[in-house]
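Quick one: structure below, then a few questions.
The values are calculated or read from the model by the stated rules, or taken from the named source; none is laboratory data. Keep in mind that this is a model prediction, so the values were computed, not measured. Note that we place each Cβ from the backbone using ideal geometry, even for glycine, and neighbour counts take in every protein chain shown. All accessible areas refer to the heavy atoms of the entire protein, side chains included, with ligands and DNA or RNA removed. Shrake-Rupley method; radii C 1.70, N 1.55, O 1.52, S 1.80 Å.
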Amino acid sequence: MTEKKILAVFGATGQQGGSVINQLVSEPAASLPNISQFHLRALTSRSLPISSASSIPLEQWYRLIGSSPDTDTDNNTTNNTTNTIEVTPQVDFHTPSTLLPALKDVHTAFIMTTPSFTPVTSDDPNSSKEFLAVQNILSAALAQKVDTVLFSTLPNITELSSGKYTHVTPFDDKARAEAYIRSLHPQIKSAFLSLGFFMSNWLTQGFLAPRYDEDTDSWVMRLHVAGGTGIPLVDAGRDTGKFVAAILERGVDGTGEAVLAAEGVYALDGIAEVFWRHTGQRVRYEQVTVEEFRETGLKGFPESLKDVLVEGYSALEEFGHAGKETGALVEEGKRLVRECGLGELVSLEEFLKKEGYVLGEGPRSKQWGS
């Protein structure tokens with residue numbers, strides 16, 4: 001029997017990494033020829049009640065993290081809880097001594113890094129905390145002779161807007177990290193997953209959630225951009241793994257392919273309509289001025305974060321998430337998942353139902369992943 005290759009998953013206890021693990025141990029993914037070659041290693045910054053690195057049953061893994069795979073559809077179930085998973089806790093992006101053993105004997109690594117919402121203080125944009133984290137990870141990957149990395153990236157808004165919007169650091173940092181990873185070819189092969197906006201943002205980010213308006217007896221979402229602005233949305237906690245599995249199943253040829261991961265492109269007006277249908281209460285979208293959004297919608301936010309959000313949504317309205325081809329790229333990603341038989345992606349309405357969303361319930365905590 002051929003020994004399985006190790007697939008290391010960063011952020012294994014967060015939305016993206018957790019979804020990757022859940023999908024790769026599911027019945028449809030495990031039956032795919034390329035996916036079945038991999039054995040999983042979960043990497044997390046969390047401290048867990050196990051030894052520094054352990055191989056444990058999947059059932060124990062889910063007990064440790066207080067979670068479970070999504071089992072509400074046949075495509076996401078696993079009955080084989082005797083399978084094991086390697087677990088490496090307390091992995092720190094900025095501590096090379098934890099990264100080297102985490103990547104020992106790894107063939108492929110799924111890499112997600114925590115975004116930074118603070119401005120870069122140095123003249124060098126590559127001095128951002130997130131970019132340095134990626135450099136540390138790739139240094140360890142090269143030292144351990146990792147064959148392939150799959151990086152969770154985002155578009156470069158500064159470039160997309162031809163320098164008009166320069167403060168969207170969470171996007172630009174990841175894009176610069178992507179360029180750095182590409183520069184390492186052919187030493188290491190790479191592919192990239194560019195996720196759309198998380199549906200969970202409407203649960204965790206209060207400025208996006210509908211707020212009750214007494215004057216109109218309705219719930220209102222307010223941003224400073226037009227209601228027709230299209231946003232690609234993805235249920236990151238459930239569907240990231242489907243895109244990763246599809247990329248791995250198709251195979252990474254080293255050309256640096258990039259897949260835009262989203263269930264669909266939703267207009268802001270349309271998002272409000274989905275909330276209306278789900279809740280049975282009137283929900284509408286209202287465009288406000290930039291000043292009102294900054295001072296009311298983002299009240300209490302640091303000025304630098306206000307810059308990120310104002311420019312981020314302005315760029316979305318003017319240039320699209322990934323340019324004019326955003327819609328076509330979304331359909332291309334969906335087709336890849338469909339062709340691999342990995343099930344349907346979760347729509348926004350299905351997401352709200354799964355989460356048991358209730359108007360006015362306040363922000364819910366969702367991990368970026370670590």
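What value does the chain have for Rg/Rh, both radii from Cα atoms and Rh as Kirkwood defines it?
Rg divided by Rh gives 0.96.
Using the Karplus curve 6.51 cos²θ - 1.76 cosθ + 1.60 with θ = phi - 60°, what ³J(HN,Hα) values do you get for each residue of the stretch 323-332, in whole Hz, with x for Gly and Pro?
So the Karplus estimates, Gly and Pro as x, are x, 5, 8, 3, x, 5, 5, 4, 5, 5 Hz.
Note down the accessible area of Arg294, probe 1.4 Å, to the nearest 10 Å².
Roll a 1.4 Å probe over it and Arg294 shows about 50 Å².
Starting from the Cα of Thr255, step 7 Å along the direction of its Cβ; do the same at His185; then give the gap between the two resulting points in nm.
So the two model labels end up 0.9 nm from each other.
With charges only on Cβ, +1 for K and R and -1 for D and E, what is the dipole size of the chain about its Cα centre, in debye, rounded to 20?
Magnitude of the dipole: close to 1000 debye.
Here's a follow-up. Which order do Asp105, Asp307 take when ranked by solvent-accessible area (1.4 Å probe, heavy atoms of all protein chains), largest first?
Heavy-atom accessible area, descending, gives Asp105, Asp307.
Could you work out how far the C-alpha centroid of the stretch 124-173 sits from that of the stretch 197-220, in angstrom?
Between the Cα centres of the stretch 124-173 and the stretch 197-220 lies a distance of 31 Å.
Name the long-range amide H neighbours of Ala267: under 5 Å, sequence gap of 5 or more, or other chain; modelled H, no Pro or chain starts.
Long-range HN contacts for Ala267: Ile231.
Next question. Take Val274, Val265 and sort them by solvent-accessible surface of the protein heavy atoms, 1.4 Å probe, largest at the top.
In descending accessible area the options line up as Val265, Val274.
How many percent of DSSP beta bridges within the chain run antiparallel, rounded to 5?
Restricted to the chain, the bridges split so that about 25 percent are antiparallel.
Just to verify a number: what accessible area does Ile181 come out at with the full protein assembly present, 1.4 Å probe, Å² rounded to tens?
The accessible area of Ile181 comes to roughly 0 Å².
Please arrange Ile6, Ile111 by accessible surface area, largest first, computed with a 1.4 Å probe and ligands excluded.
From most accessible down to least: Ile6, Ile111.
Same structure again: Please list 3J(HN,Hα) in residue order for the stretch 221-236, calculated via the Karplus relation 6.51 cos²θ - 1.76 cosθ + 1.60 where θ = phi - 60°; whole Hz, with x for glycine and proline.
9, 10, 9, 9, 10, 5, x, x, 4, x, 10, x, 10, 9, 7, 4
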